[in-house]
2 protein chains.
Amino acid sequence: MSDHNHMHADPEAALARAERVCRERGARFTSQRRRVYELIVCAGEPVTAYELLHRMGGDGGHPAPPTVYRALDFLQAHGLVHRLASQSRFVACDHPETGAHGGVFLVCDRCGRALEWQDERVARAVARSAREAGFELGDEVLPEVEGTCGDCRRG
Amino acid sequence: MSDHNHMHADPEAALARAERVCRERGARFTSQRRRVYELIVCAGEPVTAYELLHRMGGDGGHPAPPTVYRALDFLQAHGLVHRLASQSRFVACDHPETGAHGGVFLVCDRCGRALEWQDERVARAVARSAREAGFELGDEVLPEVEGTCGDCRRG
DNA sequence: CAAAAGACGATATAACATAACATTCTACGC
DNA sequence: GCGTAGAATGTTATGTTATATCGTCTTTTG
Ligand SMILES: [Zn+2]
Ligand SMILES: [Zn+2]
Ligand SMILES: [Zn+2]
Ligand SMILES: [Zn+2]
C-alpha cells in the first residue's frame, strides 16, 4: 500500500536520471540547472534558495538570486525538485521519472528533514475530499504535514 | 462523513466566540488581537500580514510589523486563525471552539480563497501514513492543496 | 504596594522572491 | 557557414515576508 522510500540516493545516479528525464522531454539540462540540482541532491535535506546561492560561489562570488530561482523554477516544472512551502525550502524528488507524486511530505520539526512518502490512500482521500467540495485539484498536489521523525524521537 | 463548511460567518458572532474561547483558556483577547482577528474575519479570504498592517492604520499611520505578527502568533496558538504556508497568508478558522482542525485546506488558484474542509478520512489517511513512516504528527496538521473552486470553474 | 510576567512600541535588519532589461548562447532553416 | 529567433543567463534594482532586540507600559499576583 505505502511505498518504500529511499533518501540519500546516489547523487551520480540522480544526475544521470535527471539528465535522461530532461532529454526525453526535450528540455535542456544546462550547467546552471545541473549545478543547482546537484547541490540539492547532495544536501540530502531541504535547503533554502540562498543556501544554494552561497554554495554556488567559489571563484569570485556567488551569482544573483534570479539565477538560482530560475533554475529552481525549471527543476520544479519538470518534477525534479519540490518546494516545501511550510519551510520555504527546496528538496529533490525521490522519483522524478514518474509523473505522479501522490502522497504526503512528512516534515520533521526537529531535524528539518522531509520524507516524500508515497501513499495512494492519502492521495485518494484528498482527491475525494476535493471532489466533494467542488474543487478540481491541480497537478502538483503534495500536502505537507509537520511531525517528529523516528530518528529524532528515539534520540 | 465530510462536514458541511460555512464561510463568511457573521463577524460579530465570530468575535464573541473568540472572546469566549480565550476566556475559557485564560488567554487575554486584547484590543490589538481583537483588531487583527476582526480584520481577518471580515476579509473572508486569506490575507497577508502586511495587508492587515496597512488596514490597521487610520489615524497617523499603521503599526510596525512585529505588532501584527505578534497578534497572529497568538491567534494561531489558540486555533483562531491558520497560516496558509503555500500563500503566506492568514485566514480565520471556521470552527475555533473545537480543538481539532482535521481535514484539508483547499486553496483556489484563481480566486485565492481557501476552504477549510473537514474530512475525517483525510485526517485518518494522513495519520496512518505518518505512523507507517515512523513519524509522530504534530498538533497543527492542516495540509494544503491547490486546485480550482467550483465558483471559478463555472464562472 | 512591590515584584513578576506579559503585552506593546520602535528601530533595525534578516530572509525570501521577483521585475525589468541587457547580453550571450543554442537550435534550426537556409 | 550564416542569419535569425527563441531560450538562457547576467545584472541591477526592488518588492515582499518575517524576526531580533531592547525599552516601556500594563496587568496580574502575592
Ligand atoms: Zn516527487
Ligand atoms: Zn527528525
Ligand atoms: Zn481550523
Ligand atoms: Zn476560486
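The values are calculated or read from the model by the stated rules, or taken from the named source; none is laboratory data. Please read these numbers as outputs of a predicted model, since none were measured by experiment. Neighbour counts run over all protein chains shown; Cβ positions are idealised from the backbone, glycine included.
Of the residues making up the range B:93-127, those that are away from DNA strand D (no atom under 16 Å from the Cβ) and either of a type in the set (A, V, I, L, M) or at positive phi (or both) are B:ALA100, B:GLY103, B:VAL104, B:LEU106, B:LEU115, B:VAL122, B:ALA123, B:ALA125, B:VAL126, B:ALA127. If you filter the range B:98-124 down to residues that are of a type in the set (Lys, Arg) and closer than 30 Å to A:ARG153 by Cα, you find that the one that is farthest from the other protein chains (Cβ to nearest Cβ) is B:ARG124.
Confirm whether A:GLY155 is facing chain B (nearest Cβ under 7 Å) and on the phi > 0 side of the Ramachandran plot. Criteria not met by A:GLY155. Screening A:PRO46, A:PRO65 for residues that are surrounded by fewer than 17 Cβ atoms within 10 Å (Cβ to Cβ) and touching a Leu at 6+ places or on another chain (Cβ under 7 Å) leaves exactly one candidate, A:PRO65. In the range A:125-144, the residue that is farthest from B:CYS111 (Cα to Cα) out of those that are more than 8 Å from chain B (Cβ to nearest Cβ) and at pLDDT 95 or above is A:ALA127. Within the range B:24-63, no residue satisfies the criterion of being more than 16 Å from ligand 3 (Cβ to nearest atom) and within 14 Å of chain A (Cβ to nearest Cβ).
Here is a yes/no grid of residues against (1) outside any strand (DSSP E or B); (2) of a type in the set (A, V, I, L, M); (3) surrounded by fewer than 21 Cβ atoms within 10 Å (Cβ to Cβ):
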site: A:GLN76; (1), (2), (3): yes, no, yes
site: A:GLY79; (1), (2), (3): yes, no, yes
site: A:PHE90; (1), (2), (3): no, no, no
site: A:GLY99; (1), (2), (3): yes, no, yes
site: A:SER129; (1), (2), (3): yes, no, no
site: A:GLY147; (1), (2), (3): no, no, no
site: A:ARG153; (1), (2), (3): yes, no, yes
